[in-house]
Amino acid sequence: MRTKLLALAVVGGLALAACGNGTTGTPTGGSKQGDTLRIAIGVDPDTMDPMRQTTTTIQNIVQMVVETMVKIDTSGKVQPALATAWQTSSDGLTWTFTLRSGVKFSDGQPFNAAAVKANFDRVLDPASTCPLCGPMRGVKSVDVVDDTHVKLNLAKPIAPMLGLLTEVTFGIVAPASIQKGGSTYSDQEKPIGTGPYTLAERVKGDHVTLQRHDGYWGTKPNYKSQKFLIVPEAASREALVRAGQADVILLPPVSDLPALQRDSTVKVLLAPGDRTIFMAFNTQDSQQTLLQKPEVRQALNYAINKDQIIKSVLFGAASPMDAPMASTLFGYCKVGSYPYDVSKAKSMLQAAGASNLTINLVSPQGRYIQDFQAAQVIANDLTAVGVKVNGPRTMDWPSYLGTINVAPAKASVDMHLLGWAPGYLDASQAMVQFQSTQWPPAGLATSYYQNPEVDQLLAKANSESDQSQRATDYCTASKQIWKDAPWLFLWVQRFPIVYSSKVTGVQSIPNESFYTMYASPA
């Protein structure tokens, strides 16, 4: 058996930077106690079920309620959480975890190996809706060794195994709450976890409130409650923090960042991120079949003046993509660019028989930095090369996800703006967007891209123990994906957070996670 330290080596670049949607850390604020911390966010949760998560912001909320077996601390290292130690077999096909003793769920049920198995059985059930579970499908069974030891049996090695287990998707909820009824498990819209907070209230379109769990096994938070206000408009979020009606806001208007940085009543965090922003083409489009041609998708990439959009719309809070993933990820390699070239775009469209192309385009509003505003400029750029653009249309976030996360036969739009922030800084999590096994509803590969060579390379890299070979495989796949152009490759955005000077201990992490769990009054 390999030791825990050797197991850590399997995740390659994982510990190079803080990363993981399951990220939790050590207390970072002061010791003062507070009543309610108010955080204004731009999106309404589509679900609070850990297993069904797709949105980083909501994952950050859920992780305060539901804990994972391992976590990533704020320095980027894998640390014990509900598991205190782990070992893997020499062939990488068996992982054995030692579980923390004396932990209880917030409803009083004991946390033990049976609870872990119940959760993994639900996640691994083919009938379960688990958009981010794809890489974990390599786990074929989970065995209870005894109350404090559980064994995961793999069909093939999973290179980033520990990284996967930091994600709240694989968080552990009270087993009695997920009893299987007929062919399905119960949804977890009010999950019962072992975390420092419990879900007290959720009013759709208005707020989510977490209440401190005073029976928590670890360090208790300073605030009795954290209230997440649903405020789609960035300007409205800014107004709230300036007026003292919110303590923390995510994604303020980037045009106001210089003024906010000069304002002594607030503090500004502007962290690097791993979120790529793109327009996904429907590469299997039966309504607009011209989008099935790579040369048409390449032409449209040349039509977009990304540098100008970053300068005038995003106010510099992003950098152009030069690969299908952010440069902060293990497995990244720079593969090229699609420089702005109107003449080239027009000539390529003409050569492909697409001079009269018509596209239906949708975009969220308030989910990403200046998302709808950027989509409007993109539509104008496409129009300038002769494309007829219907849109961009927008809608609330749950409706938006319901529109784009559908099987190809149910797709109703040709292009949609989306962002992707891997749960941890490993190419395996970026590349799920380009695996044909991850088309909705099985996953979130909403461009419906398919290339057998890429599928083969990614499958190999995801189970390869040689980190150098993994990096080579991901780079080769990246070059092919770039050539096939299933996206309008746009930019990697930064992650601004603004919070009151009366609060301390607010942090951001390079996978576009915010961290307020141990914030406190200043």
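In the set 219, 166, only one residue is touching a Leu at 6+ places or on another chain (Cβ under 9 Å) and closer than 22 Å to residue 70 by Cα; that residue is 166. Listed conditions (1) modelled with pLDDT of 95 or more; (2) in contact with a Lys or Arg (Cβ under 8 Å, 6 or more places away or on another chain) are all met by residue 368, apart from (1). Those helices (runs of 4 or more DSSP H) of region 341-458 in which 3 or more residues are more than 26 Å from the chain's Cα centre (by Cα) occupy 342-351, 371-384.
Region 480-522 holds strands (runs of 3 or more DSSP E) entirely within its bounds, and those carrying 2 or more residues that are closer than 21 Å to residue 309 by Cα map to 487-500. Among the residues of region 232-290, the one identified as without any contact (Cβ under 8 Å) to a residue 60 or more places away in the chain, closer than 17 Å to residue 502 by Cα and in contact with a helix residue (DSSP H, G or I) (Cβ under 8 Å, 6 or more places away or on another chain) is 263. Note on region 50-60: among residues that are out of contact with any strand residue (DSSP E or B) (no Cβ under 6 Å at 6 or more places or on another chain) and of a type outside the set (Lys, Arg), the one that is farthest from residue 154 (Cα to Cα) is 58. Any residue at all in region 117-124 that is surrounded by fewer than 17 Cβ atoms within 10 Å (Cβ to Cβ), in contact (Cβ under 8 Å) with a residue 12 or more places away in the chain and within 15 Å of residue 51 (Cα to Cα)? The answer is yes; a qualifying residue exists.
Screening the candidates 378, 369 for the property of being crowded, with 22+ Cβ neighbours inside 10 Å, under 20 Å from residue 230 (Cα atoms) and among the hydrophobic types (A, V, I, L, M, F, W, C) yields one hit, 369. Any idea which residue in region 392-437 is farthest from residue 60 (Cα to Cα), counting only those that are of a type in the set (D, E, K, R) and buried (at least 22 other Cβ atoms within 10 Å of the Cβ)? Ranking the qualifying residues of region 392-437, first place goes to 414. Restricting 55, 96 to residues that are surrounded by 16 or more Cβ atoms within 10 Å (Cβ to Cβ), under 30 Å from residue 403 (Cβ atoms) and not basic (Lys, Arg) narrows the list to 55.
Scanning region 307-321 for residues that are under 23 Å from the mean Cα position of the chain (by Cα) and closer than 29 Å to residue 355 by Cβ returns 310, 320, 321.
The values are calculated or read from the model by the stated rules, or taken from the named source; none is laboratory data. Every value quoted in this text rests on a predicted model; they were computed, and no experiment measured them. All Cβ positions, glycine included, derive from the backbone under ideal geometry; neighbour counts span all protein chains shown.
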